[in-house]
Protein chains: 2
Amino acid sequence: MSTNDEFDLIHRFFAPLAAGAPGARDLRDDAATLSPSDGCELIVTMDTVVAGVHYLANETSENIVAKLMGSNLSDLAAMGAKPLGFTLSCGWAADTEMPEIEAFASSMSDWINDYAFPLLGGDTVKTTDTSVFTLTAFGETPHGRSISRSGAQVGDDVYVSGTIGDGALGLLVAQGDLPELSPAYQAFLANRYRIPQPRISLGQSLVGIANACIDLSDGLIQDAGHVADTSGVRLELEWDKVPLSDATKAVLESNPDMMSSILSGGDDYELLFTAREVANLSNSDVTKIGTVVQGTPGVEVFDTQGDLVEVTETGYNHFS
Amino acid sequence: MSTNDEFDLIHRFFAPLAAGAPGARDLRDDAATLSPSDGCELIVTMDTVVAGVHYLANETSENIVAKLMGSNLSDLAAMGAKPLGFTLSCGWAADTEMPEIEAFASSMSDWINDYAFPLLGGDTVKTTDTSVFTLTAFGETPHGRSISRSGAQVGDDVYVSGTIGDGALGLLVAQGDLPELSPAYQAFLANRYRIPQPRISLGQSLVGIANACIDLSDGLIQDAGHVADTSGVRLELEWDKVPLSDATKAVLESNPDMMSSILSGGDDYELLFTAREVANLSNSDVTKIGTVVQGTPGVEVFDTQGDLVEVTETGYNHFS
């Protein structure tokens, strides 16, 4: 690493990632310029991933980039924003080899192209033993139209996109904890854990429809709890309405206790939103899983018999 | 640390720092909203500081915050931007104690008030052994009027603000390497190293006057080199015109070799700019130190006899 300096690294690997953004000035300045479109405001979100904390320490560059780009794009999706670009701080562990950095930039290039989401600027530093990556993501929504967590109304229905729990079970697969599961299901779940599919289109189509929205990064119960707390309402969810993938159903069949992990595990990167009327979303992959009611802010999950489900884990907390 | 979670930490220490920014939504959402003023565009810059790399490992929270806020505000100053606010990612080392976090937030509050520069959002994570802080700073300039590094013109004069070299010598003082210097001068230099004074007002007044501008974070020679390289010009500087503080003059008197450190050391956070006419800046603390000429892009420093000064260090490189 010692023969390559910060400027060389930026020129070789990162400047090409800024090609789609004139305001990035080829990463040759210390700052970038950025303007929202007429009538729009900027949406800004920032997420950090740390080796060994937010991803397994031996994870590939491709999967680290997926987690970093996916989680930030997912935050933009939850606000109903159209992605504009991002700034990136790479803190590389001292023993990082050049091919890792090259693979990192190459994976990033795929995400940039897929989401029209160019690099605008950033910083490259060396840390000691742990790699740390911070991404600040920019999107835009029509002025005053971004969706927050705090707008849930009594009488709304509660919806989620996609299937729930795959991320949590995928982490178990990645750790080798579900060896009895079929290889195809193992691969599906591990992929769901490793490669977030941020719901960008759905998020934008929820502007004007959803009263509140959040992305499921910390777990269904915990993230629904954020909506409940900030909106001052109670969310009643029905366990048998929660959409599950075939792989997750297969895990549940032999391990019924996994219900808690499914309800409280993180990394699904689906959207949870509350709305009165979703007729315009009929072709979307969304499922009604509950309702918003009056009461002490919080979340309750009921089973088919109408009994309260006891959830023993309370979701992933990045700081515990 | 284990009894306090991310949300509690944000609520107690960081939400008050967002009071001045409605778009921060009290830090209760995953994203913030931000709009430049009418006719303005956003300026975005991002800087990371790592314990033991960008500041001494035993540095106080107050000084870490000063480095973080000062270096980012200095980047905004160099673009001619008015500060708007920032997002912050705190990666705390696993052994961080709560009083450190409280002191960090308290110091940040002083900067926020002094520069009308509120917190907009961010992320809080735990790292392993090293604290890592990343700040994304937002400012604004009238549309298309921000100052870049790349606009230096042959025939421009080269100016710097303040005094040069204090940061580099201050680091030596902080490391105990200049014990023979008077205590007052030691204190002055250490303070110059530790507490950047970003040239926000000067930067804004340079819009329409400076053709190119950069802040001196990596050292006079290296940063002047960035202007030269990106502008495709040659900068000829005169050593005896370089403004020095009394403390730095005192160091030079007993250690003439320190000239190299003064020319190549970092952390001054002054502005270097090129301009044709600075009549409107007559009250400012700026000094003409050279001229922009045609030639192979680069920087040369001449002494009083007109001989080329040989500089043995090439400036601080964050990635070496």
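No value in this document is a laboratory result; all are computed from the given coordinates. This is a predicted model, so every value here is computed, not measured. All Cβ positions, glycine included, derive from the backbone under ideal geometry; neighbour counts span all protein chains shown.
Descriptive notes on the structure:
- B:GLY122 vs. criteria in contact with a Lys or Arg (Cβ under 8 Å, 6 or more places away or on another chain), touching a residue at least 60 places away in the same chain (Cβ under 8 Å) and surrounded by 24 or more Cβ atoms within 10 Å (Cβ to Cβ): no
- Residue list for segment A:37-54, filter: out of contact with any helix residue (DSSP H, G or I) (no Cβ under 7 Å at 6 or more places or on another chain) and touching a residue at least 40 places away in the same chain (Cβ under 8 Å): A:SER37, A:GLY39, A:CYS40, A:GLU41, A:LEU42, A:VAL44, A:MET46, A:THR48, A:VAL50, A:ALA51, A:GLY52, A:VAL53
- Here the helices (runs of 4 or more DSSP H) wholly within segment A:150-248 that include at least 3 residues being β-branched (Val, Ile, Thr) are A:220-231.
- Residues in segment A:190-203 that are surrounded by 18 or more Cβ atoms within 10 Å (Cβ to Cβ) and either under 22 Å from A:HIS54 (Cβ atoms) or within 14 Å of chain B (Cβ to nearest Cβ) (or both): A:ALA190, A:ARG192, A:TYR193, A:ARG194, A:PRO196, A:PRO198, A:ARG199, A:ILE200, A:GLY203.
- Qualifying residue in segment B:137-151 (condition: touching a residue at least 24 places away in the same chain (Cβ under 8 Å), within 14 Å of another protein chain (Cβ to nearest Cβ), farther than 22 Å from B:GLY70 by Cα and of a type in the set (S, T, N, Q)): yes
- Exactly one residue among B:GLU41, B:GLU97, B:GLU59 is among the charged types (D, E, K, R) and more than 25 Å from the chain's Cα centre (by Cα), and that residue is B:GLU97.
- A:ILE164 meets all of the listed conditions (1) within 14 Å of another protein chain (Cβ to nearest Cβ); (2) under 30 Å from A:GLY232 (Cβ atoms) but one, namely (1).
- Residue in segment B:94-101 that is small (Gly, Ala, Ser) and surrounded by fewer than 20 Cβ atoms within 10 Å (Cβ to Cβ) present: yes
- Test set (1) buried (at least 24 other Cβ atoms within 10 Å of the Cβ); (2) closer than 24 Å to A:LYS126 by Cα; (3) out of contact with any helix residue (DSSP H, G or I) (no Cβ under 8 Å at 6 or more places or on another chain); (4) of a type outside the set (D, E, K, R) - B:LEU135 fails condition number: (3)
- Put simply, of A:ALA15, A:ALA24, A:ALA57 the only residue that is among the small types (Gly, Ala, Ser), without any contact (Cβ under 8 Å) to a residue 60 or more places away in the chain, within 26 Å of B:LEU76 (Cβ to Cβ) and more than 9 Å from chain B (Cβ to nearest Cβ) is A:ALA15.
- Residue in segment B:168-177 that is surrounded by 24 or more Cβ atoms within 10 Å (Cβ to Cβ), within 14 Å of chain A (Cβ to nearest Cβ) and within 25 Å of A:LYS126 (Cα to Cα) present: no
- Some residue of segment B:105-119 being under 21 Å from A:PHE133 (Cβ atoms), of a type in the set (Phe, Trp, Tyr) and either within 16 Å of the chain's Cα centre (by Cα) or within 7 Å of chain A (Cβ to nearest Cβ) (or both): no
- Residues in segment A:37-53 that are more than 7 Å from chain B (Cβ to nearest Cβ) and within 28 Å of B:ARG25 (Cβ to Cβ): A:SER37, A:ASP38, A:GLY39, A:CYS40, A:VAL49.
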